[in-house]
Amino acid sequence: MRIEENVLLSTLTTFRTGGPARFLLLLDTADDVPRAVAFAEEKHLPLVPLGGGSNMLAPDKGVDAVFARFANGALARTDGEDAYLYSADAGVSWDALVARAVEDGAWGIENLSAIPGTAGAAAVQNIGAYGAAFSDVAEHIEAYDTRTHAFVTLSAKECRFGYRSSVFKEERDRFFITRVALRLPRAPQPNLSYKDLAKRFAGVSSPTLRDIRESIVAIRAAKFPPLDTYGTAGSFFLNPTVSASDVPALRERYPELPLFDLPEGGVKVPLAWFLDRVLELKGMRKEKAFLWDAQPLVVAAEEGARAADVRALAEATIALVKEKIGITVTPEVRILS
Ligand code: NAP
């Protein structure tokens with residue numbers, strides 16, 4: 001384990017904002033996690049697990065905490081009759097895992113191509129895109145429980161996955177994820193239900209994993225800010241969910257609003273539709289932060305943007321949605337203070 005001090009959070013997060021992290025611990029193996037916990041306890045500072053820093057907004061003044069992330073990670077595969085079982089250390093890049101699965105002929109995460117971040121962070125967020133979610137393929141998660149000071153293995157059920165949520169998010173900073181295990185079927189099961197994909201594959205009877213991955217990469221490249229030019233954390237806001245009893249009133253007011261039933265109950269409201277079609281907020285800006293034109297759920301930060309710009313933009317967006325539409329919006333991004 002390597003200990004660094006006062007490392008700028010702007011170098012550790014994809015938003016590229018943020019002052020110094022009091023400490024940064026670079027972990028080599030899972031055995032370093034209890035050492036990191038002890039270090040933070042000794043310093044009387046909170047321990048903040050860090051993945052790729054792609055879902056976090058760090059404040060300009062910095063954070064008086066111990067950040068810890070894995071410096072590396074390994075990936076292993078076991079072959080079952082109907083499926084492959086992948087075991088990825090938490091620090092493995094999520095997209096490297098997807099690329100490997102696609103190469104191996106393992107189905108289920110190709111729609112989750114090109115999502116930045118690590119395998120460990122994918123479990124916290126229960127990442128999802130184009131009708132696929134991490135939880136669809138999660139077998140179990142290994143973690144260190146900082147409350148009981150023991151390594152634990154949680155079944156997918158115990159992870160309590162929901163729409164962009166999990167026990168790891170609900171009990172923030174209790175579990176330090178060390179490894180994720182996924183079960184990926186060998187039999188083709190393309191999931192082309194989302195509009196953009198359905199359009200691309202109209203008339204194609206058996207698309208390959210590689211075709212689907214390439215399409216997702218291209219679709220995302222057209223919708224998201226290029227990371228070499230802008231700071232961003234992808235979708236800044238969660239799509240709100242409402243109860244079935246709220247639907248008739250929404251339908252009456254907005255007859256063209258698409259609505260989606262969630263498997264865990266409730267109805268998902270596509271926030272981008274309101275931001276674009278009702279509030280016309282595409283491109284809304286606060287200083288150097290603005291809502292991305294091709295997908296207004298996404299906040300982009302220009303070179304030199306401050307976290308305060310991003311926060312001001314997010315707060316203005318949330319306030320407008322509340323005032324004009326009456327829906328409460330919450331950020332998907334973790335905002336550190
Ligand atoms: P889109 O397909 O234009 O649809 C807009 C919204 O409607 C999406 O947010 C999506 O919700 C929902 N939606 C569309 N078709 C759906 C269907 N058949 N069933 C259920 N919900 C549906 O959205 P997009 O902006 O191009 O995004 C496509 C995918 O990329 C989405 O799954 C989205 O979550 C994902 N994405 C991820 C990030 C990120 O950084 N985490 C940012 C933007 C988009 P869901 O978002 O719940 O799927």
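The values are calculated or read from the model by the stated rules, or taken from the named source; none is laboratory data. Quick caveat: nothing in here was measured; it's all calculated off a predicted structure. Methodologically, a virtual Cβ is constructed for each residue, glycine included, from the backbone with ideal geometry; neighbour enumeration extends over all protein chains shown. Side chains are part of the model used for accessible areas, which takes the heavy atoms of the whole protein and leaves out ligands, DNA and RNA. Shrake-Rupley method; radii C 1.70, N 1.55, O 1.52, S 1.80 Å.
Of (1) open to solvent by 50 Å² or more (accessible area, probe 1.4 Å); (2) among the small types (G, A, S); (3) in a helix (DSSP H, G or I), A40 satisfies all except one. Which?
(1)
Looking for something touching a helix residue (DSSP H, G or I) at 6+ places or on another chain (Cβ under 7 Å), part of a loop (DSSP other than H, G, I, E, B) and within 18 Å of P225 (Cα to Cα) - is there at least one such residue anywhere in segment 259-273?
The answer is no, given that none of the residues of segment 259-273 is touching a helix residue (DSSP H, G or I) at 6+ places or on another chain (Cβ under 7 Å), part of a loop (DSSP other than H, G, I, E, B) and within 18 Å of P225 (Cα to Cα).
Tell me whether segment 110-132 contains one or more residues that are within 23 Å of A233 (Cα to Cα), surrounded by 22 or more Cβ atoms within 10 Å (Cβ to Cβ) and over 15 Å from the mean Cα position of the chain (by Cα).
The answer is yes; a qualifying residue exists.
Given the options A294, A316, A308, A289, name the one that is surrounded by fewer than 20 Cβ atoms within 10 Å (Cβ to Cβ), among the hydrophobic types (A, V, I, L, M, F, W, C) and free of Cβ contacts under 8 Å to residues at least 40 places away in the same chain.
Unique residue meeting the criteria: A316.
Does T29 count as among the hydroxyl-bearing types (S, T, Y), at pLDDT 95 or above, in a loop (DSSP other than H, G, I, E, B) and within 22 Å of the chain's Cα centre (by Cα)?
Spelling it out, it is not the case that T29 is among the hydroxyl-bearing types (S, T, Y), at pLDDT 95 or above, in a loop (DSSP other than H, G, I, E, B) and within 22 Å of the chain's Cα centre (by Cα).
What number of residues within segment 224-262 are surrounded by fewer than 16 Cβ atoms within 10 Å (Cβ to Cβ), within 19 Å of the chain's Cα centre (by Cα) and within 11 Å of the ligand (Cβ to nearest atom)?
1
Tell me yes or no: at least one residue of segment 149-157 is open to solvent by less than 30 Å² (accessible area, probe 1.4 Å), more than 16 Å from the ligand (Cβ to nearest atom) and under 17 Å from L47 (Cβ atoms).
no
Name the helices (runs of 4 or more DSSP H) wholly inside segment 104-200 in which the number of residues that are in contact with a strand residue (DSSP E or B) (Cβ under 6 Å, 6 or more places away or on another chain) and at negative phi is 3 or more.
Output list reads 119-125.
Among (1) open to solvent by less than 20 Å² (accessible area, probe 1.4 Å); (2) of a type outside the set (S, T, N, Q); (3) touching a residue at least 60 places away in the same chain (Cβ under 8 Å); (4) outside any helix (DSSP H, G or I), which single condition is G52 missing?
With respect to (1) open to solvent by less than 20 Å² (accessible area, probe 1.4 Å); (2) of a type outside the set (S, T, N, Q); (3) touching a residue at least 60 places away in the same chain (Cβ under 8 Å); (4) outside any helix (DSSP H, G or I), G52 is out only on (1).
Suppose the filter is surrounded by fewer than 21 Cβ atoms within 10 Å (Cβ to Cβ), away from the ligand (no atom under 16 Å from the Cβ) and among the acidic types (D, E); does D79 pass it?
yes
Residues R179, R172, R183: which one is within 20 Å of L50 (Cα to Cα) and at pLDDT 95 or above?
One residue alone meets the criteria, R179.
Can you pull out the residues in segment 1-26 that are farther than 26 Å from D145 by Cα and not in a strand (DSSP E or B)?
Scanning segment 1-26 gives S10, T11, T14, F15, R16, T17, G18, G19.
Going through G117, G162, G128 one at a time, which residue ends up being modelled with pLDDT under 95 and not charged (D, E, K, R)?
That would be G162, the only listed residue that is modelled with pLDDT under 95 and not charged (D, E, K, R).
Answer yes or no: is there a residue in segment 265-275 that is surrounded by 19 or more Cβ atoms within 10 Å (Cβ to Cβ) and touching a Lys or Arg at 6+ places or on another chain (Cβ under 8 Å).
Yes, segment 265-275 contains a residue that is surrounded by 19 or more Cβ atoms within 10 Å (Cβ to Cβ) and touching a Lys or Arg at 6+ places or on another chain (Cβ under 8 Å).
Across segment 187-216, what is the total count of residues that are within 13 Å of the ligand (Cβ to nearest atom) and surrounded by 15 or more Cβ atoms within 10 Å (Cβ to Cβ)?
8
Return the residues of segment 248-264 that are of a type in the set (A, V, I, L, M, F, W, C) and touching a strand residue (DSSP E or B) at 6+ places or on another chain (Cβ under 6 Å); say none if nothing qualifies.
Those that are of a type in the set (A, V, I, L, M, F, W, C) and touching a strand residue (DSSP E or B) at 6+ places or on another chain (Cβ under 6 Å): L259, F260, L262.
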